[in-house]
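**Q** Let me give you the structure first, and then I'll get to my questions.
The values are calculated or read from the model by the stated rules, or taken from the named source; none is laboratory data. Computed from a predicted structure; not experimentally measured. Every residue, glycine among them, receives a Cβ derived from its backbone with ideal geometry; neighbour counts consider all protein chains shown. With ligands, DNA and RNA removed, areas are computed over all heavy atoms of the protein, side chains included. Shrake-Rupley method; radii C 1.70, N 1.55, O 1.52, S 1.80 Å.
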Amino acid sequence: PPQHNPVLQPPVSTQPGPEFWCSIAYFEQDVQVGEIFKVPSSCPTVVVDGYVDPSGGARFCLGQLSNVQRCAASERAR
């Protein structure tokens, strides 16, 4: 059988990658709660949870986000 040698393609871009690869916005009903959380490119994965640890790096914790107009349905979902 003929040998298949893959052709090496040049990189798509020589520019450095973005500082942040992902942005997360948290909503309750149709209202955004808190700031947009940006995930740095140095963190290839991010965990979103309901704990109250300070968000940063690879973890976005919803527990510290307060909403004075939070309804009962949002409270149960959290």
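**Q** For region 32-78, please list each of the strands (runs of 3 or more DSSP E) lying entirely inside it that holds at least 1 residues being surrounded by 13 or more Cβ atoms within 10 Å (Cβ to Cβ), without any contact (Cβ under 8 Å) to a residue 24 or more places away in the chain and of a type in the set (D, E, K, R).
**A** Working: elements: 37-40, 47-49, 59-61.
The strands (runs of 3 or more DSSP E) meeting that bar are 37-40, 59-61.
**Q** Could you list all residues from region 1-31 that are acidic (Asp, Glu) and in a loop (DSSP other than H, G, I, E, B)?
**A** Selection gives 19, 30.
**Q** Restricting to region 7-31, give me the number of residues that are open to solvent by less than 100 Å² (accessible area, probe 1.4 Å) and within 28 Å of residue 74 (Cα to Cα).
**A** Total meeting the criteria: 7.
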